[in-house]
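First up is the structure itself, then whatever we jot down about it.
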Amino acid sequence: MTDERDERAPDGHPAEQPREPSREQPRDALRDRDGGALTAGDVADAARLVGFALQPKLLPARDAEYAELVRRHREDPGFARTADAVAAGLGLIVLEVSPRAGMAVAAAEDSVFAVRMGDYARRAASDAGDRFLHGLAHLAAAALAFPRPEDLADDGYIGRITVNGVDAFVRQACRRLEERAEEAGEVTDPASDTPGLEAAWRVYSRRSATGATKDARRLAGSTTGIIGKAVAFLVDSGFLQRTGDEAGGTYRTTARYQLQVRDMAGSAAMAELLELGVVPVADGTASLLPAASDDGLDLVPDAGLPFHTAT
Amino acid sequence: MSVAPPNVWGVTTTVPYPLPGAARPAPGPAADEGLARRLKALACTAPLHDLDARKANLAGEYSVYAMAEVALAAIDLVTLNMDFDTGADHDQIVARLLPRVAAQTPTRSHAEHERVARWVLENLINVGSADRGFRAVYGTFGPDGAYVRRDYDFKLIEEVPGPGGSVYLRATDEAVNVLVGALDTDVTSAQIAAEVKLEVLISRGRLADAQLAAEQARYRTVQYAETLRRTLEATRRNVRAVDWLQQVPDLIAEALDHVADRYRHENAILTNIRKARDEAEEPEHKRRAAELVDIVKDCIRRHTQLQSRLLEAGPLFRAEQDRQAFATPPARAGLDLYGQLVAPLLPLPVERAVRVTDAFFARGTGLRTPGAVRVTDLVDLLLTPPLERDHLGAEMPEPDLVATPDDSRFSDEQLEAALDLLDLPHDAPRRLSGLLAQARRTDPDLPYLVALLALHAASPPVGTAVRQGEPQLLFAVDDGTALDDPEFGGADLVLGTARLAAHPAARQERTP
């Protein structure tokens, strides 16, 4: 993490343009840091910064002009307010402006930049099961990228995920639920005419993990196919970087992803969950705890290691 | 089924069947559950029957093939080829199925046999469905007496990702249960039972039954290995979930004990069967025993594989623990994505869970800048001819081959001469000084080679020579005499040839 002062662009061309000396201004007018009114040129710079923000794979470290605009945003409150106003007008929410993430923006719900599930996956529009699986793939990728609360809170943390790893981890959780249901003697098979009442884990576990296709590509409908699509999409969003091909593709997280998950997606999903009447325990520690020591460790078919949630 | 006479038919249908409230159609939930279990078991066999029912629909004359037989053989093959890490290879299974398919219709073409094998395998995977699985509907009575139809989803052969993006096949538990039957028991005890049975059978010389039991034992071994594979996979995923102070070491120790125990057990069986194989008079018995040896060897191989996995687990835990324990303490409390979102979400009905995933998706996927298309660009784009792809790739440059110079210090002839010189009779050892002088007379370079070989003989690889069955070995002994030579210094070694006894345990016979 470098200090933004070291990121000063050598030419610094958009920053220091001659401005008119301070005059009588209306109280609410946007001013630069010297109290001068902002010109049309400043607004153009602010818009240019937002333009950079819309190229999520671009980082200030790679572009001198971007770095200079980010620096100006942090040092010049008037410019910062102008840039934020431009972003807000376009339907964008500014998450952070920093040399490490650049100007990280998220699309507001009704913005033209928002991604809609129907555009993302065609089958998801008609099939509730597919819609859930695509959403879960994104949630699970984030959960594996930031496995502990500390990881999500720590700005310096870089998560690493693989496509097969995400699938295996969700499958394991599903298997655990299946075992628990079996122990409790519950019938988990859903009634035939009410597919919406099928337990979520069951939808995942009955979808096959992979499948052979004629052209040796990943089977799109399989869970690894769905997760592969999700991570590829996140790469295009500048949230993940591909690092290798092992285990279905390996990826590392970017600062933007952490911001997006922490400040936007996590809380939104949490709010929705609370609205459903599910109140997860939130004491800041990991919820996956070691089992009690007197727990039996008999190896029965299909047993995973004892996972015990705090709830 | 006979058709009922019309007069009776009229009478019986006019009277509605009375259903008294006390007498429920099913005696109770327990009996109903048993019925459901049997219905599910029955459903697992349905895809096999279905194959024979649908073979008539295939283009071509395929009704001569016994498809259920091929399918069972396929499940058999997949189960036996399931390795610890991956699974069975798709093409390999097809290839191994071919002899059986070909035996059914020897006159038909190889292509047709392959087509049948592939068709069966694809249908066992159920390639056409979105889940690549099967669904059967069965009915049960709820606690309130209401009749509910339920979906039972199952797979027979599932596709799992292998290393390098490849796809492997695994037989599911349902398939193994259909195949071997009544495996709904504790793996460990079932295995012990099978082994005891095996030993008894062998001791009584009933090899046919012994083979059956051994094969069953191997199915259980496979299943057991699978269980442990999943266990280890789970530990790798999340260290925090695991108490590696007590439980995991205990678990590993238990599993290692188990492996050691089985290993001992199976080695004992192996010795017994080998004896049975060697002593058997009848060729049929001999063949059976030989097959049995292979099966037990395979069991031992699987145990060894399991053991190496278990040994890797400890270091893996410690590495993961280090990574997480020595991180800086958190500056602020973060959201526990798994514990607070994924875990509470999965048990919900999908129609409610989808609201949470939708909320995450809407805000967690990032943004897309909508494309603005100009008609002129579009026209250009559409009129551009597609890039022609070169199927053969770039031309390979002609490799420039240069003969590497022979940089050996000594020629083959020199080596031969030196070895001739050192080929001493076993009862007449010689001093190095004499050998060097003799070598110098033939070739001025030869003494170096002789000296090197003599030094090498100072610590001869006796064990290797014995194992390789060599009759004799050159050795060198330092008796304290200094070497008097114009070119070399050091000890004037005594060189001699030792004859090696045939048995490694016997003491080597050495010349004085």
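Bear in mind these aren't lab numbers, they're just calculated from the coordinates by the rules spelled out. Note that the coordinates shown come from a computational prediction; the quantities given were computed from them, not determined experimentally. Glycine gets a Cβ as well: all are built from the backbone with ideal geometry, and neighbour counts include every protein chain shown.
As I understand it, the dipole of region B:412-499 uses +1 on the Cβ of Lys and Arg and -1 on the Cβ of Asp and Glu, about the Cα centre. Which of B:Phe475, B:Gly490, B:Tyr448 lies farthest toward its positive end? So the residue furthest toward the plus end is B:Phe475. Summarising the label geometry, the points placed 7 Å from Cα in the beta-carbon direction at B:Lys297 and B:Arg118 lie 3.4 nm from one another.
With +1 on the Cβ of every Lys and Arg and -1 on the Cβ of every Asp and Glu, and nothing else charged, how large is the dipole of region A:117-279 about its Cα centre, in debye rounded to the nearest 20? Each step should come with its number before you reach the end.
Details: 20 positive and 23 negative charges, 128 e Å.
Here region A:117-279 has a charge dipole of around 620 debye.
In terms of the mean number of neighbouring beta-carbon atoms within 10 Å, the peptides B:102-109, B:439-446 order highest first as B:439-446, B:102-109.
When peptides A:246-258, A:58-70, A:140-152 are ranked by their average number of other Cβ atoms within 10 Å per residue, the highest-first order is A:140-152, A:246-258, A:58-70. Rounded to the nearest Hz, the phi-derived 3J(HN,Hα) couplings of region B:69-76 under the Karplus curve 6.51 cos²θ - 1.76 cosθ + 1.60 (θ = phi - 60°) are 5, 4, 5, 5, 4, 5, 5, 4, where x marks glycine and proline. Amide H contacts of B:Tyr152: B:Ala136, B:Val137, B:Tyr138, each under 5 Å away and 5 or more positions distant or on a separate chain (H built 1.01 Å from N in the peptide plane; Pro and chain starts excluded).
Each label point was placed 7 Å from the Cα along the Cα-to-Cβ direction; for B:Asp257 and B:Val373 their separation is 7.0 nm.
Taking a straight line from the alpha carbon of B:Lys297, these lysines sit under 25 Å away, with near neighbours fewer than eight places off in the same chain left out: B:Lys197, B:Lys275, B:Lys286.
Test of the criteria: in region A:103-183, which trypsin sites (Lys or Arg not before Pro) are in a DSSP loop and have at most 13 other Cβ atoms within 10 angstrom of their Cβ?
On the way: sites: A:Arg116, A:Arg122, A:Arg123, A:Arg131, A:Arg160, A:Arg171, A:Arg175, A:Arg176, A:Arg180; in loops: A:Arg116.
Answer by residue number: A:Arg116.
Considering all projection directions equally, how large on average is the shadow of the alpha-carbon convex hull of region B:412-499, in square nanometres? It would help to have the intermediate numbers written out before the result.
On the way: hull surface 23.1 nm².
Mean projected area of the Cα convex hull: 5.8 nm².
Couplings for region A:160-172, taken from phi via the Karplus curve 6.51 cos²θ - 1.76 cosθ + 1.60 with θ = phi - 60°, read 10, 9, 10, 4, 5, x, 4, 4, 4, 6, 5, 4, 4 Hz in order; Gly and Pro are left as x. For the residues of B:121-131, the average number of beta carbons from a partner chain within 10 Å of their own beta carbon is 3.
So between B:Ser63 and B:Thr105, what do we pick up on full extension, going 0.36 nm a residue minus the alpha carbon distance? Each step should come with its number before you reach the end.
Working: separation 42, 0.36 × 42 = 15.12 nm, distance 1.08 nm.
Between B:Ser63 and B:Thr105, full extension yields 14.0 nm more.
Counting Cβ atoms of other protein chains within 10 Å of each residue's Cβ and taking the mean over peptide B:148-160 gives 5. Listed by chain and number, the lysines whose C-alpha is less than 23 Å from the C-alpha of B:Lys55, apart from same-chain residues fewer than 8 away, are A:Lys214, B:Lys155. Taking amide H as placed 1.01 Å from N in the peptide plane, the amide H of B:Asp492 sits under 5 Å from that of B:Thr481, B:Ala482, B:Leu483, each at least 5 places away or on another chain.
Along region B:450-467, what does the Karplus equation 6.51 cos²θ - 1.76 cosθ + 1.60 (θ = phi - 60°) give for ³J(HN,Hα), rounded to whole Hz, x for Gly and Pro? Calculated HN-Hα couplings, in order: 5, 5, 4, 5, 5, 4, 4, 6, 5, 10, x, x, 5, x, 4, 4, 5, 4 Hz. Near the amide H of A:Leu92, within less than 5 Å, lie the amide hydrogens of A:Ala108, all on another chain or at least 5 residues away, with H placed in the peptide plane.
Remark: mean inter-chain Cβ contacts per residue of A:271-277 equal 5, using a 10 Å Cβ-Cβ cutoff to other protein chain atoms.
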